[in-house]
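The next block holds one structure in the form of structure tokens; read it before the comments.
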């Protein structure tokens, strides 16, 4: 029996990583850790209550309370919307609509990933969906036209992660629920950092194209103004969908969950209009959404259980008090937290990192004076970094699947974009107004 | 044994279809609510409450199928270094642990549903829906997950 919460937290983390690395599913690892903590900690329960009943009660309640949630209902709906859009011709439309507009910028078509991902991220909640939907068409197209493969792969990996930063965002929904922050505000807070990151990527591509002209093909295509205007009509569907989903949230008319349902219906209408919708495709999209949603929600309900235990045993308080006693300055603290996330992000996927660490990390950073809204955006950046860091990086896996390139090639191509993202994190930390400006203007 | 696995996998697929149907119902429910509110200035009053109930079903009924399709994530970074025998052994150990936890959760969620029913607990809302109705899918879904875990062991052993 252990009675010191600090010793307990070390034991808990060791046990958790033992479970995780023995390939026990992440959700089950979290549950096992919760049960284990209750058994080894000196709880001082009155003798009439059996510890097993106490654990079982907490577990049953966590499963029910974390799934019986109106806010979390937005999660499967945004996933479903992405699954439907992935199966439509929307990526071709994006390419055709953007193509004529990029011919004058240095780097030309290399910007397609950045622009298409930014637009698609505004209707998609996940980085994997954004990377896959945009990448399935742009990578081939860029190679065919003789653009640098390296920059094409790197910009796709970097810009694809905008799926989490530009609203709607699955990570923000999960963070909003766990931290009791307004999901609508988080969504809107992500807009400026997301556009700045996209701008930084484009700037890098421009510089690369100027320094090394070899990255783009010699012969350039030119378009007349009329062609450009006609191309715009290919962008109308996606712009309409963005307005339908985000407009209502920004104006305060719809909740994120309602916006997600509108998004599903909008995606269905587009699929019908593009003549992509068959019964088979609809079924496939639904079943895939069920799988992704169950995978995520299983981790969430397991984490809800573990976080109850962490609170019950007093670990969260003990660790935050210990950190506070070190007297770190806020910047040093956030640096340590950031490094920890990058390290965790190498081994775990983004959603697991968020749900596992939040019960302990959030009280620490808010005590140091950081706003929960700001920390949400910071965390989204950390998750984005985890998507493109080896050996476990989901965006890397997605790109490997669609490009047939070696992981090492993709990683090398992604490095500059990783560095740009780190610079953005530093900027957002030094100037938190980047995050808070738009939400404060919200109705 | 093969037949048992087949039946369980059929059950898991059925669960996934039910989960998908609940998902569609949520979309329909919210759509009706939005139309009522914006066009007729009325409300179903229960759209958010029932969407959340359906969402419980969406999650728990699809767990077994998600396992069957290898979609629950796990870290295979270190275990992938093991040999074929070691991998199979660890996989069986992990599945047994998962089964123990699922059975434990199954037992306690069944008690939770039974108590909600026995005490006649009702939702704190206009609909006054009995709470056990929204909870009863949980033991159902966990039982299916348990069976799918069993099927996994059977497959590994044969």
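Rule-based calculations on the coordinates, nothing more; no lab input. This is a predicted model, so every value here is computed, not measured.
At a glance:
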| quantity | calculated |
| --- | --- |
| Whole-angstrom gap from region B:98-141 to region A:71-146, using each part's C-alpha centre | 42 Å |
| Cα-based helix-to-principal-axis angle, A:394-403 vs chain A, degrees rounded to 10 | 30 degrees |
| Three-way shape label, region A:1-59, alpha-carbon gyration tensor, a/c 1.5 | oblate |
| For chain A: relative contact order, % (alpha-carbon pairs under 8 angstrom, 6 or more apart) | 25 percent |
| Hydrodynamic radius by Kirkwood, which averages 1/r over all alpha carbon pairs of the protein assembly as shown, in angstrom | 25.2 Å |
| Span per principal axis, largest first, for the Cα atoms of region A:1-152 (Å) | 76, 33, 23 |
| Gyration tensor (alpha-carbon) shape descriptor, region A:73-185, a/c threshold 1.5 | prolate |
| Chain B - mean residue ellipticity at 222 nm from DSSP helices (-39,500 (n - 2.57) per run, n ≥ 4, rounded to 500) | -26000 deg cm²/dmol |
| Shape parameters for chain B, alpha-carbon atoms, Rg then Dmax in Å | 19.6, 65 |
| Computed Kirkwood radius, in angstrom, where 1/r is averaged over Cα pairs of region A:182-329 | 21.1 Å |
| Normalised contact order of region B:1-143, rounded percent, pairs of Cα under 8 Å and 6 or more residues apart | 29 percent |
| Two-decimal Rg to Rh for region A:284-443 - Kirkwood Rh, Cα set | 1.00 |
| Region A:307-384 - Debye-derived log10 I(q)/I(0), Cα point model, q = 0.25 Å⁻¹ | -1.32 |
| Region B:25-111 - Rg (one decimal) and Dmax (whole number), Cα, Å | 20.9, 65 |
| Where N is the number of residues in region A:185-261, Cα Rg divided by 2.2 N^0.38 Å | 1.58 |
| Alpha carbon Rg of region B:61-148, scaled by the compact-globule rule 2.2 N^0.38 Å | 1.48 |
| Mean residue ellipticity (222 nm) of chain A, computed from DSSP H runs ≥ 4 via -39,500 (n - 2.57), nearest 500 | -24500 deg cm²/dmol |
| Helix B:47-61 vs. chain B, principal-axis angle (Cα, 0 to 90°, nearest 10) | 10 degrees |
| Normalised contact order of region A:206-320, rounded percent, pairs of Cα under 8 Å and 6 or more residues apart | 12 percent |
| Tilt relative to chain A, helix A:74-86 - C-alpha long axis, 0 to 90 degrees, to 10 | 30 degrees |
| Euclidean distance of C-alpha centroids, region A:1-56 and region A:176-247, integer Å | 46 Å |
